[in-house]
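Undergrad: Mind looking over this structure? Questions follow.
Values quoted throughout were computed directly from the atomic coordinates according to the rules given, and no laboratory measurement underlies them. These numbers were taken from a predicted model, which means no experiment stands behind them. Virtual Cβ from ideal backbone geometry, glycine too; neighbours counted across all protein chains shown.
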Amino acid sequence: MLTKSRRSPEERKEAERAALGRARNPFANVRNDIEVIAAFVARGIPAADVQPRQNVFTFKAWRALGRYVKRGEHGVKLTVWYPIDQADRDKTTGEKIGTKTTRLRCVAAVVFHVSQTAPID
C-alpha cells in the first residue's frame, strides 16, 4: 500500500516562504499581470484594486502571509515560467560538475485576490 508522504510543519512553512518569494519576483512575466487583472475585472473586482505581486498571490503565498483562501473561492489559473539552477553532469560518469546552468521551468499556478482570503486566527 502506498502512503502519501507528509511534510513536517517546518517543511511546509519553508515551502510557503519559497512560494511567496517566487510570487513577489519583480522580474516576473508582465503578460501574466495583464491576464490576472483582466480575469479579476471580469469577476467584478475593479482594476485599481488588482495589483499582482502585492495583493494577488498563490494559495501557499497567502498562507505564508498569515491568510487562508476562503472555502468555495475560485482563482485565476496562469502559466508561470521561473528559473531553476541545475548542476551540469558529466555525460560519461554522471557526476556533478561545479558549473550550474539556469533553465526555465513551466508550471501552472492558481492565484487569488486578497478579497478571496481571510486572516488565519
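Undergrad: Relative to the longest principal Cα axis of the chain, at what angle does helix 30-42 sit, 0 to 90 degrees, rounded to 10?
TA: Helix 30-42 and the main axis of the chain meet at about 30 degrees.
Undergrad: Give the aspartates and glutamates reachable from Lys96 as a straight Cα distance under 17 Å; neighbours fewer than 8 places away on the same chain don't count.
TA: Cα-Cα hits under 17 Å: Asp85, Asp88.
Undergrad: Treating only the Cβ of Lys, Arg, Asp and Glu as charged (+1, +1, -1, -1), what charge dipole size does the stretch 12-119 show about its Cα centre? Round to the nearest 20 debye.
TA: Numbers: 20 positive and 10 negative charges, 59 e Å.
The dipole of the stretch 12-119 has a size of about 280 debye.
Undergrad: Enter the angle in degrees (range 0 to 90, nearest 10) between the Cα long axis of helix 9-23 and the first principal axis of the Cα atoms of the chain, meaning the one along which they spread out most.
TA: The answer is roughly 80 degrees.
Undergrad: By how many nm would the segment from Arg103 to Ala118 lengthen if fully extended, with 0.36 nm per residue of separation less the alpha-carbon distance? Please list the in-between numbers first.
TA: Details: separation 15, 0.36 × 15 = 5.40 nm, distance 3.57 nm.
Full extension from Arg103 to Ala118 adds 1.8 nm.
Undergrad: If you don't mind, there's one more thing I want to ask. GNM, the chain, Cα, under 10 Å: largest mean-square fluctuation among Lys77, Lys60, Lys96?
TA: Result: Lys96 has the largest fluctuation of those listed.
Undergrad: Which of these, Ala19, Ala38, Ala87, has the largest mean-square fluctuation under a Gaussian network model of the chain (Cα springs below 10 Å)?
TA: In this elastic network of the chain, the residue with the biggest mean-square fluctuation among Ala19, Ala38, Ala87 is Ala87.
Undergrad: Which lysines, if any, have their Cα less than 26 Å from the Cα of Lys70, not counting same-chain residues under 8 positions apart?
TA: Straight-line reach from Lys70, under 26 Å: Lys4, Lys13, Lys60.
Undergrad: Would you please give the FRET efficiency between Arg6 and Arg43, computed as 1/(1 + (r/R0)^6) with r the Cβ-Cβ distance and R0 = 25 Å, to the nearest 0.05?
TA: Numbers: r = 34 Å, r/R0 = 1.36.
Efficiency, rounded to the nearest 0.05: 0.15.
Undergrad: Considering all projection directions equally, how large on average is the shadow of the alpha-carbon convex hull of the stretch 17-121, in square nanometres? Before the final figure, lay out each step's value.
TA: Working: hull surface 34.3 nm².
About 8.6 nm², averaged over all directions.
Undergrad: Can you tally the net charge around Arg12? Count Lys and Arg as +1, Asp and Glu as -1, for every other residue whose Cβ sits under 11 Å from the Cβ of Arg12. Don't skip to the end; give the middle numbers.
TA: Values: positive: Arg6, Arg7, Lys13, Arg17, Lys60, Arg63; negative: Glu10, Glu11, Glu14, Glu16.
Value of the local net charge: +2.
Undergrad: Can you compute the helix-only [θ] at 222 nm over the chain? Use -39500 (n - 2.57) per DSSP H run of at least 4 residues, normalise by all residues, nearest 500 deg cm²/dmol. Write down the numbers at each step before the final one.
TA: Details: 3 runs with 34 residues, N = 121.
After summing the helix terms and dividing by the residues of the chain, the value is -8500 deg cm²/dmol.
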